[in-house]
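Some notes on the structure that comes next.
Nothing in this text is a laboratory measurement; each read-out follows from the coordinates by a stated rule. Source: prediction; values computed, not measured. Every residue, glycine among them, receives a Cβ derived from its backbone with ideal geometry; neighbour counts consider all protein chains shown.
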Amino acid sequence: MSNNDDVQAIKDLGDKYRILKQEIGKVIVGQEKVVDLLILSIFCKGHSLLVGVPGLAKTLLVNTTAKALGLSFNRIQFTPDLMPSDIIGSEILDESRNFKFIKGPLFANIILADEINRTPPKTQSALLEAMQEKSVTAAGNTYRMQEPFFVLATQNPIEQEGTYPLPEAQLDRFMFNIEVGYPSFEEELQIVKSTTGNFEGEISKVLTSEEIIGFQQLIRKIPVSDTVYEYAVSLASATRPESDRAKSITKEYIAWGAGPRASQYLILGAKAHAALRGKYSPDSEDVFAVAEPILRHRIVKNYKAEAEGVKIEEIIKELV
């Protein structure tokens with residue numbers, strides 16, 4: 001790091017990270033990897049897509065995280081009849097006969113876009129503009145989102161009837177694709193005991209908005225060696241069938257590979273992963289740790305992979 005202040009800031013970040021996980025753990029049982037990736041994406045200024053069947057506490061996880069971070073939180077239930085104005089807001093004529101913009105639920109620090117694939121592309125696009133530009137446009141005026149701003153979207157992987165799957169170009173705007181799995185037997189036993197009685201976990205505020213923004217800027221300043229840069233770019237390039245760095249498994253099973261945004265997120269994710277563990281610079285192990293959730297939704301399998309039942313995760317492990 002460049003100076004003693006930055007070194008101390010890395011230590012402070014690690015301390016806050018451990019306290020944050022403890023607070024979230026008061027309510028959320030297990031799901032260690034999911035919680036880790038969620039915190040990583042927040043410190044990287046990234047958005048995340050949580051994929052899992054109903055009833056796995058995805059909404060509760062996001063709400064709990066927002067409380068521990070001291071951030072405003074809104075949940076938007078996406079439905080087939082939801083319109084852009086329902087989430088952005090709209091202009092009304094006030095008592096003075098002047099037009100006044102009433103902000104919609106999108107104006108919060110953390111947005112839970114519940115079942116994002118249930119709403120038409122028009123509304124999906126309105127959300128994705130806010131994700132990318134950190135602003136929305138209504139009636140010719142641009143309104144900035146309050147920083148920090150994160151979108152955490154959920155998808156149900158087993159029910160596809162009546163849905164509008166996100167195109168690859170829109171999926172690419174999410175830093176992580178986080179798979180939320182079933183809890184273990186012991187974890188589920190603990191969940192049932194804690195949720196069928198009178199126990200209510202009290203969540204304490206761990207960070208302020210200013211601290212979060214400061215840590216985001218700190219992660220950007222973390223130095224990276226050329227070797228790690230080359231490893232990240234080589235990994236992303238290896239997913240592209242037409243690349244001269246493509247491996248045999250890529251040419252056999254992948255129709256379309258990850259773009260440059262994957263390389264950027266691999267480095268950012270590695271920086272944050274290293275910093276949260278008290279390291280002052282990431283190495284290839286940190287890139288490896290974030291590779292799967294970054295590449296999972298950026299690789300398109302071909303027909304042969306589908307026919308043979310080859311999973312994306314298997315391809316990524318082979319590439320790494």
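Points to keep in mind about this one:
- Between the residues F176, L266, P157, the greatest Cα displacement towards the positive end of the dipole of the chain, with unit charges on the Cβ of Lys, Arg, Asp and Glu, is found for L266.
- Among 262-269, 133-140, sorting by the average number of other beta carbon atoms lying within 10 angstrom of each residue, highest first, gives 262-269, 133-140.
- Subset of K134/K221; K271/K301; K11/K45; K26/K67; K221/K271; K247/K317 violating a 18 Å alpha-carbon distance limit: K134/K221; K271/K301; K11/K45
- Highest GNM mean-square fluctuation among I191, I76, I222, for the chain modelled with Cα contacts below 10 Å: I191.
- Amide hydrogen neighbours beyond the local backbone of A138, cut-off 5 Å, H modeled: Y143
- Beta bridges assigned by DSSP with both partners in the chain are antiparallel in approximately 40 percent of cases.
- Looking at the range 227-288, the trypsin sites (Lys or Arg not before Pro) that sit in a DSSP loop and have at most 15 other Cβ atoms within 10 Å of their own Cβ are R245, K247, R277.
- Nearest-20 debye value, the chain charge dipole, Cβ charges on Lys, Arg, Asp, Glu: 440 debye
- The distance separating the Cα centre of the range 5-46 from that of the range 224-252 comes to 29 Å.
- Interchain or long-range residues, amide H under 5 Å from W256's placed H: V300
- Relative contact order of the range 222-319: 31 percent, from C-alpha pairs under 8 Å at least 6 residues apart in sequence.
- Prolate/oblate/rounded label for the range 194-252 (Cα gyration tensor, a/c 1.5): oblate
- If you plug the beta carbon distance of R277 and V7 into 1/(1 + (r/R0)^6) with R0 = 22 Å, you get a FRET efficiency near 0.95.
- With θ taken as phi - 60° and the Karplus curve 6.51 cos²θ - 1.76 cosθ + 1.60 applied, the whole-hertz 3J(HN,Hα) list for the range 243-260 is 6, 6, 9, 5, 8, 4, 5, 5, 5, 7, 10, 10, 8, 8, x, 6, x, x Hz, x standing for glycine and proline.
- Working note: Karplus 6.51/-1.76/1.60 with θ = phi - 60° gives the range 134-144 the couplings 6, 7, 10, 10, 9, 6, x, 10, 9, 10, 7 Hz, where Gly and Pro are set to x.
- Karplus 3J(HN,Hα) series, Hz, for the range 283-299 with 6.51 cos²θ - 1.76 cosθ + 1.60 (x for Gly, Pro): 10, 4, 5, 5, 5, 4, 5, 10, 5, 4, x, 7, 8, 3, 9, 10, 10
- For the range 212-320, GluC sites (Glu not before Pro) are listed when DSSP marks them as loop and at most 12 other Cβ atoms sit within 10 Å of their Cβ; the list is E242.
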